[in-house]
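Contents: one structure, followed by commentary.
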Amino acid sequence: FPGDQLYKTAYHFQPPKNWMNDPNGPMFYLGVYHLFYQYNPYGAEWGNMVWAHSISYDLVNWIHLDHAIYPTGPFDINGCWSGSTTILPGGKPVILYTGIDAKNHQVQNLAEPRNLTDPLLRERVKSPHNPLMTPGDDIDPKFYRDPATAWQGPDNIWHVIVGSQIKGQGAAILYRSKDFVNWTRSKHPLHSSANTNMLGCPDFYPLDTKSSEGKHVLKASFNSHDYYILGDYIARTDKFSVTTDFTSDLQYDYGKFYASKTFLDSSTKRRILWVWVKESDSESDDNSKGWSGLQSIPRNVVLGKTGRQLVQWPIKEIENLRTRNVSFQNKKLKIGSLLEVSGITGSQADVEVSFDLVNLKEAELMDPIWVDPQLLCSQKKASAQGKLGPFGFDQSRSSLREGLDKTTYGAFVDIDPLQENISLRSLIDHSIVESFGGGGRTCITARVYPKFAYDKEAHLYVFNNGTQTVRISRLNAWSMRNAQIVPVKTRREPK
Ligand code: DQQ
């Protein structure tokens, strides 16, 4: 195990130590980006949940502040779990979050900023009415959590969904309120799903950033992945109509990626996605590292051209960290060739590459029995010879260390090879590789813990294991500078 801190990242968001999981309540307020996250102040394992708090002016460099929400009353004494921010008319950002109460039941609480003129929102007050929502008789109090960002209907009524499971089916329970304090549960959930169990960390948002109607995304976290469905939301009837339920075909990311949350960046009108990327080493590795969990680089989310799927791309601000560059065009990669991209830092890089398929006629035809791309990739792996390809990143070959989750991920990319090249962008940062295929149509995030190829020993190659020549139409790679992530402590950690 090569030292303790070799797997720490240089430009991804990480607290200085300990366990981190879900991003909570991200927002933009008075020129400042806020990120809260699930955090254990006492160790590198999940437990003792509080909302830690960091701020940024550019979504790249961060300042850690004191914890924002921690247990204080019977309504959250056993933990402050995930939730979301809603910006009320007039600009007040309020937080709904799940508290674990004295009976270990999940309940929903409200917290508001104490001082609206403080752009850093350093202090909050919890509502004297907490808990505002409690599970009904038909809801198991262990499956009732993660309130989403609320929205206002045409009649000014507030709406919010809470993740749950009712009679074994996933449910996005819908609540309504006139004043954001008194909430009434609607008879029908906004969506129920026979395909899921507890529908965790729901997120529900319009794709038109100027309207709260029309095409919407409903995202839910279950089975260790984040799935979404696209549908139409009609505010007047409060109906979200979809043509399919959650399926494995529509996932934000087909790798390590869970409990994501979006927010609308009101300064640029972008929908920005944050996500927890967990470790794939063991709990004892986490204890010896003293930390566990990363946040992805924030991604901009839009509806793709076909209207059938979302497209994600790292926020452009991250490009400010690009430094030394290597680029070339039109380079043939003969069968079996291996080309080192030298001159940049392999362990801290941003790489964009696209390939021309010179001999498309020779490509293997899709066999209709290949319905599960992850299974296909696990069977074939990167060392298998395809006719063209394989393309991508193979986690199973990324480390010689034992005890890691080395699942080989795989997903289809919806491109027209007659019109487009095959393209891949990868953000590499010591122990994480975030990859964006087809301009962000298919994303796969992986964790890597190289035993020898770390830091300066990490090298970057393009290779062709296929049985046909391919041409690199363009490769552009940069070393990435470190982001500045600094702690500012103004108050002592809660006991
Ligand atoms: N993490 C939180 C829950 C949420 C889960 C607790 C998802 O609120 O459902 O840390 O990772």
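None of the figures in this text is laboratory data; all of them are computed from the coordinates on show. Here the structure is a predicted model, which means the values were calculated and not measured. With ideal geometry, Cβ positions are generated from the backbone for all residues, glycine too; neighbour counts draw on all protein chains shown.
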Requested in this report: Using only C-alpha positions, report the orientation-averaged shadow area of the convex hull of the stretch 282-416, nm², one decimal.
Outcome: 11.8
Query raised in the report: For Q169 and A102, FRET efficiency with R0 = 25 Å and r from the beta-carbon atoms, rounded to 0.05?
Result: 0.30
Query raised in the report: D372 to S337: FRET efficiency via 1/(1 + (r/R0)^6), r the Cβ-Cβ distance, R0 25 Å, to the nearest 0.05?
Result: 0.25
Requested in this report: Rounded to whole Hz and in sequence order, give me ³J(HN,Hα) for the stretch 424-436 from the Karplus expression 6.51 cos²θ - 1.76 cosθ + 1.60, θ = phi - 60°, writing x for Gly and Pro.
Outcome: 9, 10, 10, 9, 10, 8, 6, 10, 9, 10, 9, 10, 10
Report task. State, in angstrom, two size descriptors of the stretch 264-352 derived from its alpha carbons: Rg to one decimal place and Dmax to the nearest whole number. Result -> 18.3, 49
Query raised in the report: Rounded to the nearest 500 deg cm²/dmol, what is the calculated helix-only ellipticity per residue at 222 nm for the chain, with -39500 (n - 2.57) per DSSP H run of length n ≥ 4?
Result: -1000 deg cm²/dmol
**Report entry** All-pairs alpha carbon distance profile, the chain, 10 Å steps from 0, percent
**Finding:** 4, 19, 30, 26, 15, 6, 1
Report summary line: Taking 0.36 nm per residue of separation between T244 and D155 and subtracting their Cα-Cα distance, the length gained on full extension comes to 29.1 nm
Query raised in the report: Which cross-chain or sequence-distant (5 or more) residues have an amide H under 5 Å from the amide H of G25, H modelled 1.01 Å from N in plane?
Result: G83, S84, T85
Report task. Would you mind ranking D76, D101 by Cβ crowding within 10 Å, fewest neighbours first? Result -> D101, D76
Requested in this report: Quick one: check the C-alpha center-to-center distance for the stretch 1-54 versus the stretch 108-148, whole angstrom.
Outcome: 20
**Report entry** Kirkwood hydrodynamic radius (C-alpha pairs) into Stokes-Einstein, the stretch 369-413, 37 °C and 0.692 mPa s, D in µm²/s
**Finding:** 291
Report summary line: Taking R0 as 30 Å and r as the Cβ-Cβ distance between S127 and D405, the FRET efficiency 1/(1 + (r/R0)^6), rounded to the nearest 0.05, comes to 0.15
Report summary line: With 0.36 nm assigned to each residue of separation and the Cα-Cα distance removed, N482 to K361 gains 39.2 nm
Report task. Between the alpha-carbon centers of the stretch 390-467 and the stretch 287-316, tell me the distance in whole angstrom. Result -> 15
Query raised in the report: Which of the trypsin sites (Lys or Arg not before Pro) across the stretch 136-235 are loop residues per DSSP, with 15 or fewer other Cβ within 10 Å?
Result: K142, K167, K178, K187, K210
**Report entry** Distance in nm between pseudo-label sites at L418 and K456 (7 Å out along the Cβ direction from Cα)
**Finding:** 5.2
Requested in this report: Have a look at the DSSP beta bridges in the chain and tell me what percent are antiparallel, nearest 5.
Outcome: 95
